[in-house]
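Heads up, the thing below is written out as structure tokens.
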Amino acid sequence: MMAAPGGRARVEPRMLLRLNNLLQFLTNGAWYIGTPFIPLYLVSHGASVGTVGLVAGLSGIAPLAVALHLGGLVDERGPAIVLAGSVVLFGLGGAMLAVFHGIPQVTTAYTLLAIANIGLAVASQAVVASASTDATRIRNYGYYAVSYSAGAVVGPVIGGLLAARFGYAANFFAMTLLMLPSLAITFVLRVSPVSTHGMVAFSAVHTLVGPILSARGVGTVLFVSGIMMCAQTLQSTFYPVYLLKIGLSATLIGVAIAAISVASMAVRMLLARAVAWLGHTGALIGAMLLSAVAFAITPVLRQFWGLLGVSALMGASLGFTQPLSMSLLAEAVAQQFWGAAFGIRQSVQRAVGIISPFAFGAASTARGVESAFYLGALVLGGAAGIMAKISDGLGRRPGA
């Protein structure tokens, strides 16, 4: 510990990163204990696949509206208040899911969870950026990504066992309980200032959108983030529904979802080598193509072991794109604007998170849930081609 201005103790950067990563493990583990089973919970109460998509889309509207301002709050007040508030909202959303059963209540609870997830992402990514140097940033984002992927490995397995044994309400109760140790961690992180630069006023954060978007490379990073959010929506909302449709148990569904994160963790050990070999652009395009292949073959598979292979392809894609996009965004903008930049990234992801469930839900209603995966393969394949055209200068810090 060190003395900070004003006489408060400040956590060393290395310990700050470890605590931040532990928080990610707990909160993302909680997220995956509960949220992959919300679609199954809705279906078990008679909801159609189209309704599931509607709930997922509607729950993204409020998070879209607040994402940028959460980033501004991180810039003005630091990440601690956002982390603590997000944990409280997360616990409230989980408690609502455990108690209430109607579609309006589930949509509201899912909205609270999504807002909390944005706050946790924006604040924790700003912590990693500020505690890193240019030389260590990609590596530290890799460790950060491994931490939340570890939570995403453990979470769905626990969630599948809980759902099979006690029902879905047990999942939502468990995710609420995990917010207690998470809140304790935020009390330690709160004494650690993130930036020594001048803070951006919360009320003026909207004025930063234009300058941030005009920075070289930012548009490409946001494009990648939006497209991969499309992929994540498909695999988090419609993949469990497809697995249920073909007869897999809740336990096996949890294992298949966990396999996505296992693969995501595994490929991150190859991230630096892939960037050195393919460059930033090549690694990102390759990741999009992996997702496209995974979605294209999903509807033709019915056996558990084959679907584990699909999960591995999905996870490998996310394993490359998530830490790379975060690191590249931090490189592209000044430190005092990191919170706003990550908020803009979350806004783009939330916008896609609203639109894509409606599109995939409409395709599923018209021609079955399998058609959603063919649509996803088309989107990811097309995005890879677009990426090759717009990625000039990606990974190079602007001279200005």
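Does segment 109-163 come out rounded, prolate or oblate by the C-alpha gyration tensor, with a ≥ b ≥ c the root eigenvalues, rounded set by a/c under 1.5 and, if not, prolate when a/b is larger than b/c and oblate if not?
Oblate, since a/c reaches 1.5 and b/c is not below a/b.
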Value of relative contact order over the chain, rounded to a whole percent, pairs C-alpha under 8 Å and six or more apart: 28
Note down the magnitude of the dipole of segment 290-400 about its Cα centre, charges +1 on Lys and Arg C-beta and -1 on Asp and Glu C-beta and zero elsewhere, to the nearest 20 debye. 60
Put a dot 7 Å past each Cα toward the Cβ at Trp277 and Thr136; how far apart are the dots in nm? 2.8
How large is the dipole of segment 56-194 about the Cα centre if only Lys and Arg carry +1 and Asp and Glu carry -1, each at its Cβ, rounded to the nearest 20 debye? 200
Using only Cα atoms, find the angle between the long axis of helix 137-166 and the longest principal axis of the chain, and express it within 0 to 90 degrees, rounded to the nearest 10. 30
Give me Rg/Rg_expected for segment 220-273, where Rg uses Cα atoms only and Rg_expected = 2.2 N^0.38 Å with N residues. 1.38
From the residues Ser325, Gly102, Val122, which one has its Cα farthest along the dipole of the chain in the positive direction, the dipole being from +1 and -1 charges on Cβ of Lys/Arg and Asp/Glu about the Cα centre? Ser325
Given the Cα-Cα distance of Lys389 and Phe304 and 0.36 nm per residue of separation, how much length would full extension add, in nm? 26.8 nm
Projecting the Cα atoms of Gly306, Val88, Val188 onto the charge dipole of the chain, where Lys and Arg contribute +1 and Asp and Glu -1 at Cβ, the residue farthest towards the positive end is Val188
What angle, in degrees between 0 and 90 and rounded to the nearest 10, separates the Cα long axis of helix 250-268 from the longest principal axis of the Cα atoms of the chain? 40
So what's segment 8-390 giving for Cα Rg divided by 2.2 N^0.38 Å, two decimals? 0.91
Taking 0.36 nm per residue of sequence separation and subtracting the Cα-Cα distance, how much length would be gained by fully extending the chain between Ile81 and Val209, in nm to one decimal? 43.8 nm
What number, rounded to the nearest 500 deg cm²/dmol, is the helix-based mean residue ellipticity at 222 nm of the chain, given -39500 (n - 2.57) per DSSP H run of at least four residues and division by all its residues? -26500 deg cm²/dmol
Note the angle between two axes, namely the Cα long axis of helix 271-297 and the longest principal axis of the Cα atoms of the chain, as a number of degrees from 0 to 90, rounded to the nearest 10. 20
Label-to-label distance, nm, for residues given as Met269 and Arg18 (7 Å Cα→Cβ offset): 2.2
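FYI, it's all coordinate maths here, none of it is from the lab. These figures come from a predicted structure and were not determined experimentally. Virtual Cβ from ideal backbone geometry, glycine too; neighbours counted across all protein chains shown.
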